[in-house]
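Just below is one structure, and these are the notes that go with it.
Throughout, read-outs are computed from the coordinates displayed, never taken from laboratory work. Just so we're clear, the structure is a prediction, and the values are computed from it rather than from any experiment. In this analysis, Cβ positions are derived from the backbone assuming ideal geometry, glycine residues included, and neighbour counts consider all displayed protein chains.
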Amino acid sequence: MNIKRSLFLFVLLLAVFTSACQRNITRNADGSLLVETSITAQALQEAVQAAIADPLIKEISVSLQSGYVLVSGQRERLNDSSKTDTLSFRLDLGVSNGNLTAVVSQAVLDGKPLDQARIENWNETIAARLQKIGQNRVNAVLQSVVVSPDGIQMTWQVSR
């Protein structure tokens, strides 16, 4: 039993040191772990770019605010790549049933609102990518997420 526990801790620590985000781990009285992960603005920017998955959208940038993220970028026009339109939206992160949620709002391209189907797709893919960055184990349940100008902090409870 002690060997399994040591192996578990070794694998967990190895994963922590090789991941793209920082972690702080403490043990709870019930034997579960409380894992705090931090995601930088750069990691968030890369995740949003990948989640949007539009090769015409370039120069994505994120601005971390207290409680939300402002995202902006440039989209090349399909019929004239020398012209671009400005894309911007607000991104709010939250927790529902132990999972990360992402809500894109105020999404506009060249001053015109984006269609709801695209926004819903981005909500799902952004949340999935960020959860994958922060969550390192299947049995980890997200407790909270905090967005601040310094980064994104997620707190996970990992059961045995």
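Structure data summary
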item	result
Qualifying positions in the stretch 77-100 - outside any strand (DSSP E or B) and either over 21 Å from the mean Cα position of the chain (by Cα) or of a type in the set (A, V, I, L, M) (or both)	L78, N79
Single match in V95, V145, V141 (criterion: in contact with a strand residue (DSSP E or B) (Cβ under 6 Å, 6 or more places away or on another chain) and crowded, with 17+ Cβ neighbours inside 10 Å)	V145
Criterion: under 14 Å from the mean Cα position of the chain (by Cα) and over 15 Å from I39 (Cα atoms) - qualifying residue of V145, V103, V108, V69	V103
Checking R118 against (1) part of a helix (DSSP H, G or I); (2) touching a Leu at 6+ places or on another chain (Cβ under 7 Å), the condition it does not meet	(2)
Scope the stretch 101-115; condition more than 26 Å from Q153 (Cβ to Cβ) and either outside any strand (DSSP E or B) or aliphatic (A, V, I, L, M) (or both); matching residues	V108, L109, D110, G111, L114, D115
Test: L64 is closer than 21 Å to Q153 by Cβ and in contact (Cβ under 8 Å) with a residue 12 or more places away in the chain	yes
Matching option when the condition is under 26 Å from D150 (Cβ atoms) and among the hydroxyl-bearing types (S, T, Y), among S81, S72	S72
Scan of the stretch 54-89 for residues that are surrounded by fewer than 12 Cβ atoms within 10 Å (Cβ to Cβ) and among the aromatic types (F, W, Y), ordered by number	none
